[in-house]
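Engineer: A single structure is presented below for examination.
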Amino acid sequence: MKRRKLWYQTAVFYELYVRAFKDSDGDGHGDLKGVIERMDYLADLGVDCIWLLPTYPSPLVDDGYDIADYYGVHADYGSLEDFKALIEAAHARGLRVVTDLVMNHTSDQHPWFQASRRGEAPYTDYYVWSDTDDKYADARIIFLDTESSNWTWDEERGQYFWHRFYSQQPDLNFDNPAVQEELFDIARFWMDLGLDGFRADAVPYLIEREGTNCENLPETHDYLKRFRAMMDEEYPDAILLCEANQWPEDVRPYFGGDADDPTVPGDEFHMGFHFPVMPRLYMALKRGNRTPVVDIMKRTPEIPANTQWCTFLRNHDELTLEMVTEEERQWMWKQYAPDPRMRLNLGIRRRLAPLVDNSRHKIELLNSLLFTLPGSPIIYYGDEIGMGDNIQLHDRNGVRTPMQWDNGRNAGFSTAAITYTPAIDDPIYGYQRVNVADQLANPTSLLYRMHKLIAIYKEQPALALGDLNFLDHPDRALLAFERTYNKETILCLHNLSQRGVKLRAPTSWDLLADVTWHEGLMTIPPFGYRWLKIEFGRQRLL
Ligand code: NOJ
């Protein structure tokens, strides 16, 4: 299908945790000014859009996803002026900025909730209250390790309130038109500062209905479509990125349009995370077998021509195993999280490099898949240099440690005596060995490899927009597919095993090695990968 090129469809995203990135004032916490100081690093890396994790005032029970004031900036991070300056600094370098909009819930410290629990108008029905805790019994619990119910008793109000995440994060009542309007106004406020859009958090759960699992309900889609219409009308260049950790067929409606006709423009979200492909990349790698990836991509429906998937290898949460079978989950835990401390809820709280035992080949191979399979790639801060994690830290904090800039004090992140959390300091991933400065000084570093993958990705629209066609080969360790766009075809070859894989390759230009291959036998080395540009219409022999 022919796609028109829209900026977000060919963009590389960088997910940035402000607290961890750079501390500009020596208080031990990263801040917005620190991000501005390091904006050139991001521009040089070649990314197009920064996704900032929440920077709102918050008691930080869920690290900022529990918002106490939608109209401000957490004091640790700076001020609204700093936020504006960050956007300007990004725009001056041709980068865009999106941030999280947490729609589904607030903090219990939010003044709306405080007023609501006292029964004060007009906030009485801003949250979902009930006299009993047995409603919506079919809704699953998400933070399984912490919560035993989606209802919590509130002494002051004398009722239970509904929450899909921590009990300190009461769900807003989206059946209340006033709540719906509040979210419109909040979005307008941030867009007027110059933002380029939002990553909309936890959208499947906005509305509850008895007898359903309270996810992906038609009423939720109706509201989100109205939200999009407002954005299109008032901020036509902005994007909305949907966080719905669901199967591809259940994410498809979040793009809107017509499920049977991808030429009908989407009218809900511009982008949506493709959650289920992520664990399958790790699964395929460990098994040395392409099947999990091929199967999930074949199960992925077409999306409207004006939309795009977002893909990622890791993010600030646990590597979620919600979108796999129970058997696969057990297998993934056994393979990738042998120590119980590595597990959290239905996932694995580890970073990319430790997940693959710091194998440079495997880190690159997974990144190659990230850049060549459909979807705009998102790089999680620190993964571009192969940072490690700290499983001794609570919750997901182990993958949110300070960015490792150099081998100096606190990894060059902060001059403070004590930082919000210590920089990784172990013999393998410690900042003395893994840091930006060293990698910038070394042309063979992972960081430079990432620069190259990003640069070529941006030169080759077929990788972002091309049709996907898997190719068969008797050896299932070979994951081979073509991306074709505008009469250009790129053949992407990935060897998922630790032995060489032989194939017959067509005459082609090797985009990464800068060499021409003549038709004939080719061996892809263990965990190797190639991006080959082939003449349009030419037979690809495998
Ligand atoms: C998804 C976010 O990625 C996660 O960090 C957060 O805890 C939940 N939504 C709740 O907001």
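The values are calculated or read from the model by the stated rules, or taken from the named source; none is laboratory data. Every value quoted in this text rests on a predicted model; they were computed, and no experiment measured them. Cβ atoms come from the backbone with ideal geometry, glycine included; neighbour counts cover every protein chain shown. When the accessible area is computed, the model is the full protein with side chains, heavy atoms only, and any ligands, DNA or RNA have been set aside. Shrake-Rupley method; radii C 1.70, N 1.55, O 1.52, S 1.80 Å.
Engineer: Note the full-extension length gain between residue 330 and residue 131 as 0.36 nm times their separation in residues minus their Cα-Cα distance, in nm to one decimal.
Structural biologist: Length difference between fully extended and current span is 67.8 nm.
Engineer: Among 405, 480, 501, which residue has its Cα positioned farthest towards the positive end of the charge dipole of segment 399-514, with +1 placed on the Cβ of Lys and Arg, -1 on the Cβ of Asp and Glu, and the dipole taken about the Cα centre?
Structural biologist: Toward the positive end, the furthest listed residue is 501.
Engineer: Name the residues of segment 193-214 whose amide N is less than 16 Å from a point 7 angstrom out from the Cα of residue 175 along the C-beta direction?
Structural biologist: Residues passing the 16 Å test: 205-214.
Engineer: Dipole size in debye (nearest 20) for the chain around its Cα centre, Lys and Arg Cβ +1, Asp and Glu Cβ -1?
Structural biologist: 3120
Engineer: Ignoring ligands, DNA and RNA, how do 489, 444 rank by accessible area with a 1.4 Å probe, largest first?
Structural biologist: 444, 489
Engineer: Also: Using only helices, what value at 222 nm comes out for the chain when you add -39,500 (n - 2.57) per DSSP H run of length 4 or more and divide by the total residues, to the nearest 500 deg cm²/dmol? Walk me through the numbers before you get to the answer.
Structural biologist: Numbers: 16 runs with 144 residues, N = 542.
Value at 222 nm, helices only: -7500 deg cm²/dmol.
Engineer: Within the chain, what whole-number % of the accessible surface is contributed by carbon and sulfur, with the 1.4 Å probe and all protein chains included in the calculation?
Structural biologist: The value for the chain is 48 percent carbon and sulfur by accessible area.
Engineer: Run the quick spin-label model on residue 452 and residue 339: label points 7 Å from Cα toward the beta carbon, then report their separation in nm to one decimal.
Structural biologist: In this crude label model, residue 452 to residue 339 measures out at 3.3 nm.
Engineer: For residue 239, enumerate residues with amide H under 5 Å from its amide H, sequence gap 5+ or separate chain, H modeled in the peptide plane.
Structural biologist: The answer is 197, 198.
Engineer: Still on this structure: Projecting each Cα onto the charge dipole of the chain (Lys/Arg +1, Asp/Glu -1 at the beta carbon, about the Cα centre), which of 162, 427, 121 comes out farthest on the positive side?
Structural biologist: Most positive-ward Cα: 427.
Engineer: If you don't mind, another one. Say each of residue 210 and residue 409 gets a label point 7 Å from the Cα, pointing the same way as Cα to Cβ; how far apart are those two points in nm?
Structural biologist: The answer from the label model is 6.3 nm.
Engineer: So for the chain: antiparallel DSSP bridges make up what percent, rounded to the nearest 5?
Structural biologist: Antiparallel: roughly 60 percent of the beta bridges in the chain.
Engineer: Residue-wise, which Karplus ³J(HN,Hα) couplings in Hz belong to segment 137-148, taking 6.51 cos²θ - 1.76 cosθ + 1.60, θ = phi - 60°, and x for glycine or proline?
Structural biologist: Running phi through 6.51 cos²θ - 1.76 cosθ + 1.60 with θ = phi - 60° gives 5, 7, 7, 6, 9, 8, 8, 4, 6, 10, 9, 10 Hz.
Engineer: If you don't mind, there's one more thing I want to ask. Cα centroids of segment 94-169 and segment 201-255: how far apart, whole angstrom?
Structural biologist: Segment 94-169 and segment 201-255 have Cα centres separated by 18 Å.
Engineer: With a Förster radius of 45 Å, plug the Cβ-Cβ distance of residue 232 and residue 417 into 1/(1 + (r/R0)^6) and report the FRET value to the nearest 0.05. Intermediate results must be reported in sequence, preceding the final value.
Structural biologist: Details: r = 49 Å, r/R0 = 1.10.
Between residue 232 and residue 417 the formula returns 0.35.
Engineer: Mind checking the log10 I(q)/I(0) for segment 392-539 at q = 0.08 Å⁻¹? Debye, one equal scatterer per Cα, no solvent, two decimals.
Structural biologist: After summing over all Cα pairs, the log10 values are -0.36.
Engineer: Percent of Cα-Cα pairs more than 45 Å apart in the chain, please.
Structural biologist: Cα-Cα pairs in the chain separated by more than 45 Å: 12 percent.
Engineer: While we're here: How big, on average over all directions, is the shadow cast by the Cα convex hull of segment 190-305, in nm²?
Structural biologist: Taking a quarter of the hull surface, the average projection is 8.8 nm².
Engineer: How much accessible area per residue does segment 59-141 have, counting only protein heavy atoms and a probe of 1.4 Å, in square angstrom?
Structural biologist: Accessible area per residue: 39 Å².
Engineer: Further, regarding this structure: Output wanted: per-residue J couplings in Hz (rounded whole) for segment 96-102, from phi through Karplus 6.51 cos²θ - 1.76 cosθ + 1.60, θ = phi - 60°, x for Gly and Pro.
Structural biologist: These are the phi-based 3J(HN,Hα) values: 10, 9, 10, 9, 6, 10, 8 Hz.
Engineer: Is there a pair in 22/362; 298/362; 33/458; 5/502; 334/458; 298/334 whose C-alpha atoms are over 31 Å apart, and which pairs would that be? Provide the component values of the computation, followed by the final result.
Structural biologist: On the way: 22/362 28 Å; 298/362 24 Å; 33/458 28 Å; 5/502 36 Å; 334/458 37 Å; 298/334 27 Å.
Pairs exceeding the cut-off: 5/502; 334/458.
Engineer: What list of ³J(HN,Hα) couplings, whole Hz, do you get for segment 105-122 from phi and the Karplus terms 6.51, -1.76, 1.60, once you set θ to phi - 60° and write x for glycine and proline?
Structural biologist: Using θ = phi - 60°, the values come out as 8, 10, 7, 6, 8, 5, x, 4, 6, 4, 5, 5, 5, 8, x, 8, 6, x Hz.
Engineer: Tell me which residues come under 5 Å, amide H to amide H, from residue 105 once H is placed; ignore anything under 5 positions away on its chain.
Structural biologist: 172
Engineer: Can you compute the FRET efficiency between residue 470 and residue 141 using 1/(1 + (r/R0)^6), with r the Cβ-Cβ distance and R0 = 45 Å? Round to the nearest 0.05.
Structural biologist: Using R0 = 45 Å, I get an efficiency of 0.75.
Engineer: Whole angstrom only: what separates the Cα centroid of segment 21-65 from the Cα centroid of segment 335-397?
Structural biologist: Comparing the Cα centres of segment 21-65 and segment 335-397, I get a distance of 20 Å.
Engineer: Please name whichever of 512, 47, 376 sits farthest to the positive end of the charge dipole of the chain, dipole taken about the Cα centre and charges placed at Cβ: Lys and Arg +1, Asp and Glu -1.
Structural biologist: So the residue we want is 512.
Engineer: Now a separate question. Along Cα→Cβ, 7 Å out, is where each label goes; now give me the distance between the ones at residue 523 and residue 193 in nm to one decimal.
Structural biologist: Distance between the two pseudo-spin positions: 5.6 nm.
Engineer: Write down the percent of antiparallel bridges among all DSSP beta bridges whose residues are both part of segment 64-202, to the nearest 5.
Structural biologist: 65
Engineer: Taking amide H atoms as placed 1.01 Å from N in the peptide plane, list the residues 5 or more away in sequence, or in a different chain, whose amide H sits under 5 Å from that of residue 154.
Structural biologist: Those qualifying (amide H under 5 Å, at least 5 residues apart or on another chain) are 159, 160, 161.
Engineer: OK, next. Place the peptides 199-209, 241-251 in order of packing, highest mean first, counting for every residue the other Cβ atoms within 10 Å and averaging per peptide.
Structural biologist: The packing order, highest mean first, is 199-209, 241-251.
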